């Protein structure tokens, strides 16, 4: 309750990251460190369509975060969702991205990958696909692992979407951490198996292989050249 | 009907191509003939290593009286007009076939029967007049004619036409396609809707597509499904929903469907282009292909690029749609880089993807 008496509800600071669709700003929410994800209007869209789309996407992202949380996956605490302003105010994580951790401390990174695997399995069991599961979208805070950026998540995902999540994780390892692909993937799948069971992992990986064997799979084409997409 | 264009109508490139293609040897004076027949257009153009670089562009477009493009009828049209278009392009360039150093042809992607006419003409010319034969990818030609006429050295490219909708950019020796339509192309979406709704043919009236024209009557857009998946767009659901709504509404409300369709379709394309620009960090945006002729789409791409602080550009109107000049231009570049094919091996490739083409001269 003390926190609520402190400062103003929302103070917005400097820009942390500008993507194609959204901007992320440093912020304080009743004095607590926070970030604000904003979906600004796009001048190339009809104002009415733009308004509708930004509202839907803001709400969808918050719903996906909530669904993840319900499934037992750590995500930043959502402080405020304002569909009128198209903003989500959320907890600011003071941690390190898995992408950085792989290079800095591979032992801790392996443990984080195992926990990420378990999180992905819980997420998938709840019918949610993250849609952009790269090492840049995993934040490690102490010994806790958080999944961030649900901007491309889908709530009515199917098995292909789950396989794409795993594929994207593998691709992000291959493009940015080529020396750690095998051990990181092994840990990830170990964590996935602990939650979903061995049969589920086998089925999943069969589908992942199918997707990768398509050869000109879309994600593969673009990520192999530019690394990850939308790095916060 | 054959239409002939020369630099007096489409202008000269604003930049010296040596800036765009520093790896090539520009010291020789070369002339390359290019043949385009991937879809409804049979076109022939002439390109040179000397200004004004694109010497002429002649074409005849197959326009069905009703319905869409029938591949066999398009091919029959191409075969009928080929000699006349060829002669018009050479005459406008002030050249004879003997002056030509190489014959280039678009071998794909496109409609098989239509492609085969261009390939047959090109193989015949190359074999009979003993000219080297140069294979050209049609999509690559749209991109490069755009670079030549906008002077954008390394742009993010939005290529939109009747058969293609893609976001592409150059990296490591090839154009990489990292966003595209999952089903129908943007031009195909607009044309199919227009046809099914009874608005077309003709598809374009006084430079404006009939869907854009019908949208002028609307005050608010109808609410239609907007499908962007990652960096890809999907238009098939939009088409179905738009047609269903069109049939349900009375004539006074129908323009709202046109406006909604147009707005959603263009927004999807420009949104994935923006994503591409953000992710690749390319310093400019190039809009190219047949649908790049749309003044409304140009406006939208301009708004996106300006908001991101990027220069943008689009080729001259005549060179947006399919034409032989762009085939001649890439044919010239390929020829200088030593890319030729034996006439006996110059088979058409209906699904020749842009991202499978090595581009050694960039």
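Only the coordinates and a few stated rules stand behind these numbers; no lab work does. Note that the structure is predicted; figures quoted are calculated from it, not measured. Every residue, glycine as well, gets a Cβ built from its backbone with ideal geometry; the counts of neighbours run over all protein chains shown.
What the table below lists for this structure:
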| item | result |
| --- | --- |
| If the convex hull is drawn through the Cα atoms of the range A:96-226, its volume per residue in Å³ | 99 Å³ |
| For the range A:58-128, projected area of the alpha-carbon convex hull averaged over all directions, nm² | 5.3 nm² |
| Ellipticity estimate at 222 nm from DSSP helix runs (n ≥ 4, -39,500 (n - 2.57)) divided over the protein assembly as shown, nearest 500 | -14000 deg cm²/dmol |
| Peptide-level mean, for B:177-183, of C-beta atoms on other protein chains within 10 Å | 3 |
| Full-stretch length increase - residue B:248, residue B:84 - with 0.36 nm per residue and alpha-carbon distance subtracted | 54.3 nm |
| Nearest-0.05 FRET efficiency for residue B:206 and residue A:59, computed from C-beta distance (R0 35 Å) | 0.25 |
| Size-normalised alpha-carbon gyration radius of the range B:153-310, reference 2.2 N^0.38 Å | 1.03 |
| Between the range A:35-70 and the range B:1-46, the Cα center-to-center distance that results, in Å | 45 Å |
| Cα pair distances in the range A:2-91, grouped into 5 Å bins until the bin that holds the longest one, percent each | 3, 14, 21, 21, 20, 13, 5, 2, 0 |
| Spread of Cα-to-Cα distances over 20 Å intervals beginning at zero, given as percent, for chain B | 32, 57, 11, 0 |
| Alpha carbon convex hull of chain A, volume per residue in cubic angstrom | 137 Å³ |
| Compactness of the range B:217-261 - radius of gyration and Dmax, Cα, Å | 11.3, 36 |
| Footprinting exposure proxy for A:144, A:23 (fewest neighbouring C-beta atoms within 10 Å first) | A:144, A:23 |
| Burial order of peptide ranges B:64-73, B:261-270, A:68-77, B:159-168 (average beta-carbon count within 10 Å, highest first) | B:159-168, B:261-270, A:68-77, B:64-73 |
| Spin-label zone in the range B:219-244 - amide nitrogen under 19 Å from a point set 7 Å from the Cα of residue B:299 along the C-beta vector | B:219-223 |
| Span from the the range A:119-194 Cα centroid across to the the range B:76-153 one, whole angstrom | 48 Å |
| Cβ neighbours within 10 Å from other chains - mean over B:269-280 | 4 |
| Cα-based helix-to-principal-axis angle, B:295-307 vs chain B, degrees rounded to 10 | 90 degrees |
| Rounded tilt (10° steps) of A:47-70 against the dominant C-alpha axis of chain A | 60 degrees |
| Shielding by partners - mean other protein chain Cβ count within 10 Å, residues of A:37-47 | 5 |
| Modelled FRET efficiency - R0 35 Å, residue A:26 with residue B:153, Cβ distances, 0.05 increments | 0.50 |
| All-pairs Cα distance distribution in the protein assembly as shown, expressed in whole percent, bin size 10 Å | 3, 16, 24, 23, 17, 11, 4, 1, 0 |
